[in-house]
Amino acid sequence: MRSGGTFDYDKRKVRIIELTEQTQDPNFWNDPAEAQRIMKKIDHEKGLVEGWDTLNDLRDSINVYLEFQEMGEDVDNELESEVKKLEKNLEDLELRNMLSGEDDHRDAVVNFNPGAGGTESQDWAQMLYRMYLKWAESAGFKVFNIDYQDGDVAGIKSATIEVQGENAYGFLKAENGVHRLVRVSPFDSNARRHTSFCSVFVAPLVDDTIEVDINEKDVELQRFHSSGAGGQNVNKVETGVRLIWEGELSDGTTEKVVAECQQERSQLQNREKAMVLLKSKIYELEKEIREAEKAKLEGSKSKNEWGSQIRSYVFDDQRVKDHRTNYETSNVNAVMDGDLDDFIKAYLLQGQDANV
């Protein structure tokens, strides 16, 4: 099995040695943010190398079973099992290797905002919220509820979660956009078909290695009573913080950005966290401007324009379809229980094909 090309096994092993040598410097932890960045890079590179080693082990195992088969041994089941393992591990490694963008390795902030439609849209937002919690859990990521505002009758008015883990943003960036639901509404006494929308905004969580310059004088601070099902750390006292920034982005457009936090015990902590979320959202908006300009120069169309409808979930027809990749499935229940990997893979593969 070759290890050259885009994977570069040997170069990755050298890179691990170089990065590990940096950690031996007595002053390494003097800059904790930079130290953490290097440690995450080491883990990322080691994970890819170990993945490649696993593929080589499976290849050797398959060759042994093929030799047994040629000698007349009945090893068909064992051989089939090893081939399936190889295919799955190869697919997973290819996917991880794709996530080489400058922010793919970062944690992610996911914000849910229901569209017009009142209870119906708010219920849809909560269903999506649950879907991503299920996906993150199955992927082994940690999830923290930052903000959760209950709907008037059902569902949520808005919610924000932080997803922590290697490549969290790299995977979840595929979910950035408007999600459309078509179903017979349980809230309609006449059992009519309703269409609902919810925007899912995904941003990389900024840290000390990212500079986002905003004038804090332009940020409006609002306080509110923490409430809702935001987790065990959510209080019922006025510690919730909402920050509102309205300013000009690099392309000259004016944008209003809102960030809320009710996760922490104190108002000061919530304000600090809300500022990180605010900067993360602004950073993502600037990223989209840069990517749109790059796509324009390359003569290609941006595949993830914020505000665009990316996926439809049609419950009575048992169909979920992604409009960017045309990937679809009839297993609606599995999707709503967090089975999103095939949608994410299709999106990332499409992005890779566009860069070839």
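The values are calculated or read from the model by the stated rules, or taken from the named source; none is laboratory data. This structure is a prediction, so every number in the text was calculated from the model and none was measured. Cβ: placed from backbone, ideal geometry, glycine included. Neighbour counts: every protein chain shown.
Test each condition in (1) surrounded by 20 or more Cβ atoms within 10 Å (Cβ to Cβ); (2) touching an Asp or Glu at 6+ places or on another chain (Cβ under 9 Å) for His179 and report the one that comes out false.
For His179, the failing item is (2).
Please identify the pairs in which a residue from the stretch 56-67 that is in the same structural domain as Asn89 (by TED's automatic domain parsing) has its Cβ atom under 8 Å from the Cβ atom of a residue that is not in a helix (DSSP H, G or I), counting only partners at least 6 apart or on another chain.
Listed by first residue and then by second, the contacts come to Asn56/Met1; Arg59/Met1; Tyr65/Val75.
Kindly list the number of the only condition in (1) without any contact (Cβ under 8 Å) to a residue 24 or more places away in the chain; (2) in a helix (DSSP H, G or I) that fails for Glu73.
Going through (1) without any contact (Cβ under 8 Å) to a residue 24 or more places away in the chain; (2) in a helix (DSSP H, G or I) one by one, Glu73 breaks only (2).
For residues that are crowded, with 16+ Cβ neighbours inside 10 Å and under 25 Å from Gly177 (Cβ atoms), scanning just the stretch 64-100, find the one that is modelled with the highest pLDDT.
Leu99
Quick check, is Ala33 surrounded by fewer than 13 Cβ atoms within 10 Å (Cβ to Cβ) and touching a residue at least 40 places away in the same chain (Cβ under 8 Å)?
Yes, satisfied.
Please specify each residue of the stretch 243-283 satisfying the condition of being part of a helix (DSSP H, G or I) and touching a helix residue (DSSP H, G or I) at 6+ places or on another chain (Cβ under 9 Å).
Listed by number, the list holds a single entry, Met275.
Just to be sure before I move on: is Leu48 surrounded by 14 or more Cβ atoms within 10 Å (Cβ to Cβ) and farther than 30 Å from Val206 by Cβ in the structure I sent?
So Leu48 does not fit the description; no.
Can you pull out the residues in the stretch 5-30 that are exposed (fewer than 15 other Cβ atoms within 10 Å of the Cβ) and within 25 Å of the chain's Cα centre (by Cα)?
Correct list: Thr6 only.
If I go through the stretch 329-356 residue by residue, how many of them are among the small types (Gly, Ala, Ser), at pLDDT below 90 and either surrounded by fewer than 16 Cβ atoms within 10 Å (Cβ to Cβ) or farther than 18 Å from Leu172 by Cα (or both)?
1
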